[in-house]
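Data block below; observations after.
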Amino acid sequence: MNLGILSRKASLYSTRRLREAARERGHDARVVNYLRCTMNITARRPAVLLGEERLAFDAVVPRIGASATFYGTAVVRQFEMTGTFTANESQAIARSRDKLRALQLLSREGIDLPVTGFAHSVKDTAALLELVGGPPVVVKLLEGTQGRGVILAETRKAAESVIGAFRQLDANILVQEFVADARGDDLRAFVVDGEVVAAMVRHAAPGEFRANLHLGGTAEAVELTDAEREAAVRSAECLGLGVAGVDLLRSGRGPLVLEVNSSPGLEGIEGATGVDVAGAVVGYVERAAAGSSPGGRGG
């Protein structure tokens, strides 16, 4: 199989591991910086080019950064137009990156979430805080990633100040209940082709409520309950993702889904669990690309 890995940096751990896993399984694997790709949008002969070279792969694994979602998904979509199998479809990536849309879709499917509110006007702040049960609350920028743009407001005054400041910047925000049961921990379930292949629990650093590894958190392997496993798989399927990192909280009312990531990192989960997650991703692409029909994806 001729595999393309769409990534801005070949040296990144996740990109490097995917290339290694593909080559170990006997495939040709090439890393392509999707921001350097150009697209020939022509009737009956769509193409993706790198310089003057027309790119042709049996399948691609998108590793699209959050800051380049628009252009990255356009490149993925163009590969779909050529009949190339993509591990995550462009539409699914776009759904996952729009946090509000993703939560709305998960909610419609009956997947349990932290109580979440969304409003436009600061005049509705009081009602918004009441909607999520009052302080403490978590205020999230819709565009934030890796725990950035997430603030814990422990009092009503603090929540009003944070919400007011974000709205003055014309930033879109979500307000969520603070789930004290989680005690600063969250779960990351790595879902590949409808199955949880690895899972870890992340612990927040001292004095921090966010458990992201980028913010000093630690991680270890964890055995998920049947309910947690089901919630993770259903969340990935709901957004149409073949490869996903699903973040959950443990609460007294069962697992609550926080977020679904379409380009989940491999370093933390492989280090914590010892599972060859990159190999699982490549194995999925092998199976799916072999059974895909040209021209049947994208839109």
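Here are some notes:
- Residue in segment 157-180 that is nearest to Glu130 (Cα to Cα), counting only those that are surrounded by fewer than 16 Cβ atoms within 10 Å (Cβ to Cβ) and more than 21 Å from the chain's Cα centre (by Cα): Lys157
- In this structure, Gly149 qualifies as more than 30 Å from Leu55 (Cβ to Cβ) and not basic (Lys, Arg).
- Identity of the residue in segment 75-116, more than 16 Å from the chain's Cα centre (by Cα) and among the acidic types (Asp, Glu), that ends up farthest from Ala171 (Cα to Cα): Glu80
- Checked against the criteria, Ala87 does not count as touching a Lys or Arg at 6+ places or on another chain (Cβ under 9 Å) and at pLDDT 90 or above.
Each row is one residue, and each column tells you yes or no for (1) within 23 Å of Leu266 (Cβ to Cβ); (2) touching a strand residue (DSSP E or B) at 6+ places or on another chain (Cβ under 9 Å).
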residue: Tyr13; (1), (2): yes, no
residue: Arg17; (1), (2): yes, no
residue: Ala21; (1), (2): yes, yes
residue: Val31; (1), (2): yes, yes
residue: Ala74; (1), (2): no, yes
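- Selection of segment 1-26 for residues being part of a loop (DSSP other than H, G, I, E, B), more than 15 Å from Ala68 (Cβ to Cβ) and without any contact (Cβ under 8 Å) to a residue 40 or more places away in the chain yields Ala10, Ser11, Gly26.
- Cβ-Cβ contacts under 6 Å between residues 6 or more apart (or on different chains), taken from a first residue in segment 75-99 that is of a type in the set (Gly, Ala, Ser) to a second residue that is outside any helix (DSSP H, G or I) and buried (at least 21 other Cβ atoms within 10 Å of the Cβ), are listed as Ala87/Val61; Ala87/Gly242; Ala87/Val243; Ala92/Leu241; Ser96/Val260; Ser96/Ser262.
- Of the residues Gln104, Gln146, Gln78, the single one that is out of contact with any strand residue (DSSP E or B) (no Cβ under 8 Å at 6 or more places or on another chain) and at pLDDT 95 or above is Gln104.
- If you go through segment 115-139 and keep only what is assigned to a helix (DSSP H, G or I), under 17 Å from Leu152 (Cα atoms) and of a type outside the set (Ser, Thr, Tyr), you end up with Ala126, Leu128, Leu129, Glu130, Leu131.
- Selection within segment 157-193 - closer than 17 Å to Val137 by Cα and in contact with a helix residue (DSSP H, G or I) (Cβ under 7 Å, 6 or more places away or on another chain): Ala159, Glu160, Ile163, Gly164, Arg167, Ile173, Leu174, Val175
- Of the strands (runs of 3 or more DSSP E) lying entirely inside segment 181-252, those carrying at least 2 residues that are under 22 Å from Tyr13 (Cβ atoms), modelled with pLDDT of 95 or more and under 16 Å from the mean Cα position of the chain (by Cα) are 185-192, 195-203, 243-251.
- For Ile64, the criteria (1) surrounded by fewer than 16 Cβ atoms within 10 Å (Cβ to Cβ); (2) touching a strand residue (DSSP E or B) at 6+ places or on another chain (Cβ under 8 Å); (3) of a type in the set (A, V, I, L, M); (4) in a loop (DSSP other than H, G, I, E, B) hold in every case but one, which is (1).
- Answer residue from segment 230-254, given it is over 12 Å from Ile111 (Cα atoms) and out of contact with any helix residue (DSSP H, G or I) (no Cβ under 8 Å at 6 or more places or on another chain) and is surrounded by the fewest Cβ atoms within 10 Å (Cβ to Cβ) among those: Arg253
- Breaking point among (1) surrounded by fewer than 16 Cβ atoms within 10 Å (Cβ to Cβ); (2) in a helix (DSSP H, G or I), for Ala92: (1)
- Some residue of segment 130-138 being touching a Pro at 6+ places or on another chain (Cβ under 9 Å) and among the hydrophobic types (A, V, I, L, M, F, W, C): yes
The values are calculated or read from the model by the stated rules, or taken from the named source; none is laboratory data. Since the model is a prediction, treat every value here as computed from it, not as a measurement. Neighbour counts are summed over all protein chains in view; Cβ atoms, including those assigned to glycine, are modelled from backbone coordinates with ideal geometry.
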